[in-house]
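Asker: After the structure tokens below, expect a handful of questions from me.
The values are calculated or read from the model by the stated rules, or taken from the named source; none is laboratory data. For clarity, every value in this text was computed on a predicted model and none was experimentally measured. Please note: Cβ atoms are built from the backbone with ideal geometry, for glycine as well, and neighbour counts cover all protein chains shown. We work out accessible area using only protein heavy atoms, side chains counted, and drop any ligands, DNA or RNA first. Shrake-Rupley method; radii C 1.70, N 1.55, O 1.52, S 1.80 Å.
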Amino acid sequence: ESIIHLYKQNTMIQNLYAVENLSRVNTLCLDKTGTLTTQNYEVKEYINLTSIDISEIMKIILKYNESNNKTYKALKSYFGIIDKNIDIKSIVPFKSEYKYSITNTIDDSYYLGAPDIIFKDNKDLLNKIHTYTKQGYRVIGLKNNSNPLGFIVLRKGIVDTLNYFNSLNINIKIISGDNIETVKEVSSLAGVKEFNKAISLENVEISEIKDIFDKYTIFARATPDQKNEIIKCLQSKGEIVGYIGDGVNDTLSLKQANCSVTFNSSVDSCKSLSDVILLDDDFSHLPNTFLEGRRAIANIERSILLFLTKSMFIGLFSLLSVFTKKGLYIEIESIYIYEFVSIALCGFLLSLQNNKNKPIEGNFVLKVIKQSIFYALFMTIGAFFPLFINLFIHSNYISSLITINITLTGLIILFDICRPFKKYTTIVFIVGVSLSTLLMFAFNDVFLDPNYLKGISGGLNQIKLIFDDFFKMQVF
């Protein structure tokens, strides 16, 4: 399911274990030149310089301009295109020689392109635009035959993406072969935290990396062997490392990392080694990939806990019954409500939750087994409580009391699994409690009396008996 879902987002998973590995990644290493500087643009904002709303003009220009480069894709994604036909006299497409396009309509002509070209006579406006360009933004100007109409501010999509990784508590490391000042400048514009913690690995021996790998965020002038050594050192510290690269010099690191990511435009050696390929070269898809891994593993863990707890409880109860003369007062009907509601229904609903989790930590199998043993012991104690009471106060309804206790302890376990409570998990828990209560009250004979249906032959007769019993609403 996760692989299909990610493929629809232009993300191809090449190895099945990659989804689990993604869920565990807590340190992400990126190559500056291959990742930070080649991402698609997105519109940050647009500024109107007159009373004319330039968004409507942009819709006309984008509808009749056939350019399909990254800039026009970003503009079309933001503004869209006009939904009706406009009389167009002619189109002069964008060319690098003059750095603008012209859209000639019946009423006017619109110039879209480099501000320093189309606004060259307006120094005040160019100074205002310069405040954006010096921050690393790209600016596109728009004017008509007589006046500047406005300008559009674009940024690399990686800024929001790295902020998203920060919100997921994933540490970012930049490892590049470029000059340290270049890497720091690009990293600061991209939103890398602590970009001033930078070091050049020029003349640094491989053996010295173990003493500095955790002190810096940016590593410049890194050779392929040094990149590989940094990843090894991070892993030796217990970090689960993801690496993103696209060049031949990244192949060693991609192979060493716990989870490797590359782009469709990367060299073939990178694509053959990587666990994940971003098919449209869009770095902004990557947070969804990490979240999908965390979502899938966290939801699988909760569903497995519910099923494994039931199996271990039955095993424990059956084992203890060996030491009694007549066995224990328990029937398969005793776990019906718990099995139908807490496990089947609520377990299924929890597996669909679109949650954002912290990185999965520890050994998945051992963690699930330990927790399910604890839950099974808790449920066994709850089921044995009526038997203990029966030693002092004899009851003819001991099997019914066991069923009630199993249902209640199952709901307590469901409560613990649903934590921390959010809107979705709260609804799931309320559904579990409500339905369990309804079944005990409305179908008390069916679920609390293990011999209720055993004397009735034929499925239709049993269904009729259950249907009639529903309207009695007799509380045990």
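Asker: Looking only at the stretch 368-402, how many residues end up being open to solvent by 100 Å² or more (accessible area, probe 1.4 Å), farther than 19 Å from residue 336 by Cα and assigned to a loop (DSSP other than H, G, I, E, B)?
Answerer: Number satisfying all stated conditions: 5.
Asker: While we're here: For residues that are among the polar types (S, T, N, Q) and under 31 Å from the mean Cα position of the chain (by Cα), tally how many sit in the stretch 128-185.
Answerer: Quick first cut of the stretch 128-185, residues among the polar types (S, T, N, Q) only: 131, 133, 135, 144-147, 161, 163, 166-167, 169, 171, 176, 179, 182.
Now restrict to residues that are under 31 Å from the mean Cα position of the chain (by Cα): 135, 161, 163, 166-167, 169, 171, 176.
Number of matching residues: 8.
Asker: Listed residues 232, 271; which is over 23 Å from the mean Cα position of the chain (by Cα) and either at pLDDT 90 or above or buried (at least 23 other Cβ atoms within 10 Å of the Cβ) (or both)? Show your work before the answer.
Answerer: Details: 271 fails: over 23 Å from the mean Cα position of the chain (by Cα).
Only one candidate qualifies: 232.
Asker: While we're here: Could you list, in sequence order, all residues of the stretch 257-266 that are over 21 Å from the mean Cα position of the chain (by Cα) and open to solvent by less than 50 Å² (accessible area, probe 1.4 Å)?
Answerer: Within the stretch 257-266, just 266 meets the criteria.
Asker: Which of the residues belonging to the stretch 70-99 are surrounded by 10 or more Cβ atoms within 10 Å (Cβ to Cβ) and free of Cβ contacts under 8 Å to residues at least 24 places away in the same chain?
Answerer: Correct list: 72, 76, 80, 81, 89, 90, 92, 95, 98, 99.
Asker: Taking the stretch 100-136 as the region of interest, how many residues are part of a helix (DSSP H, G or I), exposed (fewer than 15 other Cβ atoms within 10 Å of the Cβ) and of a type in the set (A, V, I, L, M)?
Answerer: 1
Asker: Follow-up question, since we're still on this one. Look at residue 176 and say whether it is open to solvent by 10 Å² or more (accessible area, probe 1.4 Å) and among the small types (Gly, Ala, Ser). Can you show your working first?
Answerer: Numbers: open to solvent by 10 Å² or more (accessible area, probe 1.4 Å): no; among the small types (Gly, Ala, Ser): yes.
Here the answer is no, as residue 176 does not meet what is asked.
Asker: Among (1) open to solvent by 10 Å² or more (accessible area, probe 1.4 Å); (2) farther than 30 Å from residue 417 by Cα; (3) of a type in the set (Asp, Glu), where does residue 239 come up short?
Answerer: (2)
Asker: Next question. Look through the stretch 274-304, keep the residues that are aliphatic (A, V, I, L, M) and modelled with pLDDT of 90 or more, and return whichever of them is surrounded by the most Cβ atoms within 10 Å (Cβ to Cβ).
Answerer: Per the criteria, the residue is 276.
Asker: Next up: On the basis of being closer than 30 Å to residue 294 by Cβ and among the aromatic types (Phe, Trp, Tyr), does residue 195 make the cut?
Answerer: Here the answer is yes, as residue 195 does meet what is asked.
Asker: Could I ask something else about it? Report, by residue number, each residue of the stretch 222-247 that is in contact with a strand residue (DSSP E or B) (Cβ under 9 Å, 6 or more places away or on another chain), in a loop (DSSP other than H, G, I, E, B) and under 21 Å from residue 196 (Cα atoms).
Answerer: The one that is in contact with a strand residue (DSSP E or B) (Cβ under 9 Å, 6 or more places away or on another chain), in a loop (DSSP other than H, G, I, E, B) and under 21 Å from residue 196 (Cα atoms): 222.
Asker: If I filter the stretch 409-420 down to residues being open to solvent by 80 Å² or more (accessible area, probe 1.4 Å) and either in a helix (DSSP H, G or I) or of a type in the set (A, V, I, L, M, F, W, C) (or both), which single residue comes out as nearest to residue 301 (Cα to Cα)?
Answerer: The selected residue is 415.
Asker: Going by the conditions given, is residue 212 over 25 Å from the mean Cα position of the chain (by Cα) and open to solvent by 10 Å² or more (accessible area, probe 1.4 Å)? I'd like the intermediate steps shown before the answer.
Answerer: On the way: over 25 Å from the mean Cα position of the chain (by Cα): yes; open to solvent by 10 Å² or more (accessible area, probe 1.4 Å): yes.
For residue 212, the condition - over 25 Å from the mean Cα position of the chain (by Cα) and open to solvent by 10 Å² or more (accessible area, probe 1.4 Å) - is met.
Asker: Now for a different question. Are any residues in the stretch 421-433 assigned to a helix (DSSP H, G or I) and either among the aromatic types (Phe, Trp, Tyr) or surrounded by 14 or more Cβ atoms within 10 Å (Cβ to Cβ) (or both), and if so, which ones? Steps first, answer last, please.
Answerer: So the first thing to find is which residues in the stretch 421-433 are assigned to a helix (DSSP H, G or I), and the list is 423-433.
Once the filter is applied, which keeps residues that are assigned to a helix (DSSP H, G or I) and either among the aromatic types (Phe, Trp, Tyr) or surrounded by 14 or more Cβ atoms within 10 Å (Cβ to Cβ) (or both), the stretch 421-433 yields 424, 425, 428, 429, 431, 432, 433.
Asker: Quick one: residue 27 ticks every box in (1) surrounded by fewer than 18 Cβ atoms within 10 Å (Cβ to Cβ); (2) out of contact with any Lys or Arg (no Cβ under 6 Å at 6 or more places or on another chain); (3) modelled with pLDDT of 80 or more except a single one, so which number is it?
Answerer: (1)
Asker: Restricting the stretch 137-148 to residues that are open to solvent by less than 60 Å² (accessible area, probe 1.4 Å) and not in a strand (DSSP E or B), which is nearest to residue 54 (Cα to Cα)? Explain how you work it out, then say what you get.
Answerer: Our first condition is that a residue be open to solvent by less than 60 Å² (accessible area, probe 1.4 Å); within the stretch 137-148, this holds for 137, 139-144, 148.
Keeping just the survivors that are not in a strand (DSSP E or B) gives 137, 144.
Numbers: 137: 19, 144: 11 Å.
Of everything passing the filter in the stretch 137-148, 144 is nearest to residue 54 (Cα to Cα).
Asker: Oh, and also: Restricting the search to the stretch 183-209, which residues are at pLDDT below 90, in a loop (DSSP other than H, G, I, E, B) and open to solvent by less than 20 Å² (accessible area, probe 1.4 Å)?
Answerer: Of everything in the stretch 183-209, just one residue is at pLDDT below 90, in a loop (DSSP other than H, G, I, E, B) and open to solvent by less than 20 Å² (accessible area, probe 1.4 Å), namely 192.
Asker: Taking the condition of being without any contact (Cβ under 8 Å) to a residue 60 or more places away in the chain, under 15 Å from residue 154 (Cβ atoms) and either touching a strand residue (DSSP E or B) at 6+ places or on another chain (Cβ under 8 Å) or open to solvent by 60 Å² or more (accessible area, probe 1.4 Å) (or both), how many residues in the stretch 55-68 meet it?
Answerer: Total meeting the criteria: 2.
Asker: Another question, if that's okay. Determine if the stretch 325-339 includes at least one residue that is modelled with pLDDT under 75, in a helix (DSSP H, G or I) and buried (at least 18 other Cβ atoms within 10 Å of the Cβ).
Answerer: yes
Asker: Quick one: which of 219, 151, 165 is crowded, with 19+ Cβ neighbours inside 10 Å, of a type in the set (Phe, Trp, Tyr) and part of a helix (DSSP H, G or I)? Write out each step before concluding.
Answerer: On the way: 219 fails: part of a helix (DSSP H, G or I); 151 fails: part of a helix (DSSP H, G or I).
Going through 219, 151, 165 in turn, just one is crowded, with 19+ Cβ neighbours inside 10 Å, of a type in the set (Phe, Trp, Tyr) and part of a helix (DSSP H, G or I): 165.
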